[in-house]
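Asks: My questions all concern the structure below.
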Amino acid sequence: WSVHIEAWRQSGLSRSRYCRDHDLNRRTFSNWMIYLMGREEARKHEEYQAELRREQTLKNLEKGRVRKQKGLRFGARTDMQSRAVQAFWAMHLEALNWSGMSLRQYAYSLNISRFALQKWRKRL
């Protein structure tokens with residue numbers, strides 16, 4: 001845990017982001033951080049990193065570097081996981097269109113949710 005704590009301190013990431021990136025439980029990480037660093041030092045370091053991130057964001061805003069999120073459609077994210085989910089349902093909708101089956105028959109034959117299929121048909 002001391003290796004993770006030190007890596008987090010040098011990373012400049014928030015605690016939540018670091019834990020998410022390294023598949024760690026945030027609460028366990030926090031407990032170890034407090035144990036190894038001390039409560040007050042951990043709080044000060046977290047505030048310091050938050051201030052650094054704020055300053056970096058302001059610099060990027062001034063330079064016009066902040067990327068706007070593209071491709072948000074129907075509230076869906078555009079990361080790879082969502083693309084995979086969208087591709088999965090798009091493939092099923094295309095197969096449904098070519099099969100000549102009703103939505104209910106298609107969903108039943110493949111043992112997938114007809115309600116999810118209806119939802120994705122409306123979305124796509």
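The values are calculated or read from the model by the stated rules, or taken from the named source; none is laboratory data. Keep in mind the model is a prediction, meaning the values are calculated, not measured. Don't worry about glycine lacking a Cβ; one is built from the backbone with ideal geometry, like all the others, and counts go over all protein chains shown. To get the accessible areas, we keep the full protein, side chains included, count just its heavy atoms, and leave off ligands, DNA and RNA. Shrake-Rupley method; radii C 1.70, N 1.55, O 1.52, S 1.80 Å.
Asks: Just how large is the dipole of the chain about the Cα centre, in debye to the nearest 20, putting +1 at every Lys and Arg Cβ and -1 at every Asp and Glu Cβ?
Replies: Computed about the Cα centre, the dipole is about 700 debye.
Asks: Turning to a different aspect of this structure: Accessible area per residue, 1.4 Å probe, Å², for the chain: what's the number?
Replies: With the other protein chains kept in place, the chain gives 80 Å² per residue.
Asks: Across segment 107-124, in residue order, what do the Karplus-derived ³J(HN,Hα) couplings come to in whole Hz, using 6.51 cos²θ - 1.76 cosθ + 1.60 with θ = phi - 60° and x for Gly and Pro?
Replies: Computed from phi, the couplings for segment 107-124 are 4, 5, 5, 9, 6, 10, 6, 6, 5, 5, 4, 5, 4, 6, 5, 5, 5, 8 Hz.
Asks: Moving on to the next point. Provide the FRET efficiency to the nearest 0.05 for the D21-R54 pair, computing r from the beta carbons and using R0 = 22 Å.
Replies: Numbers: r = 20 Å, r/R0 = 0.91.
The formula returns an efficiency of 0.65 here.
Asks: Give the calculated FRET efficiency between S14 and E62 to the nearest 0.05, with a Förster radius of 22 Å applied to their Cβ-Cβ distance. Could the numbers behind the result be given before it?
Replies: Details: r = 22 Å, r/R0 = 1.00.
Taking R0 as 22 Å, the efficiency between S14 and E62 is 0.50.
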